[in-house]
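> First, the structure itself, so that you have it in front of you.
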Amino acid sequence: MKDKKQVLPLGSVVLLKDAKRYLVVCGYAMVTGQGEKIWDYMGCAYPIGIVSSEATLMFDEEQIDKVVFEGFTDEEGEKFREKVYASI
């Protein structure tokens, strides 16, 4: 994601490379473990959504094969995503 100038809005639906199911973007800059890895996105299965914390998947921009739908955005969301982009 660091080479991109845009972070997908929450609610965006993507298909990862070699995947059969869509994911909905539901978080950004997710840290796993003791902070050793910062993932670009957190996603949940479409159309199910978040049913438990174990049902989410962390992924990076380069794993995205196709953006199926781009989620809602406004000025506040754009400013927030700019801050997220600057931090990762």
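> For the chain, which whole percent of the accessible surface, found with a 1.4 angstrom probe, sits on carbon and sulfur atoms?
Working: 3220 of 6020 Å².
On the chain, the fraction of accessible area on carbon and sulfur atoms equals 53 percent.
> Now for a separate question. Using a 1.4 angstrom probe, figure out how much accessible area the chain has per residue, in square angstrom, rounded to the nearest whole.
Spelled out: the 1.4 Å probe surface of the chain, per residue, equals 68 Å².
> Can you work out the Karplus-derived ³J(HN,Hα) for every residue in the range 52-69? Use 6.51 cos²θ - 1.76 cosθ + 1.60 with θ = phi - 60°, whole Hz, and x for glycine or proline.
With the stated coefficients, the range 52-69 comes to 6, 5, 6, 9, 9, 10, 8, 7, 10, 3, 5, 7, 6, 8, 8, 8, 7, 8 Hz.
> Under the definition of Cα pairs under 8 Å and six or more residues apart, what whole-number percent is the relative contact order of the chain?
37 percent
> If you wrap a convex hull around the Cα atoms of the chain, how much volume per residue is inside, in Å³? Working shown, then result.
Details: hull volume 9.2 nm³, N = 88.
Value for the chain: 104 Å³ per residue.
> Treating only the Cβ of Lys, Arg, Asp and Glu as charged (+1, +1, -1, -1), what charge dipole size does the range 27-88 show about its Cα centre? Round to the nearest 20 debye.
Here the size comes out at about 180 debye.
> Can you tell me which aspartates and glutamates have their Cα less than 16 Å from the Cα of LYS79? Leave out same-chain residues fewer than eight positions away.
Straight-line reach from LYS79, under 16 Å: no aspartates and glutamates qualify.
The values are calculated or read from the model by the stated rules, or taken from the named source; none is laboratory data. Only a predicted model underlies this, so the values are computations on that prediction, with no experimental measurement involved. Reconstructed Cβ throughout: ideal geometry from the backbone, glycine too, with neighbour counts over all protein chains shown. Only protein heavy atoms, including side chains, enter the accessible area calculation; ligands, DNA and RNA are left aside. Shrake-Rupley method; radii C 1.70, N 1.55, O 1.52, S 1.80 Å.
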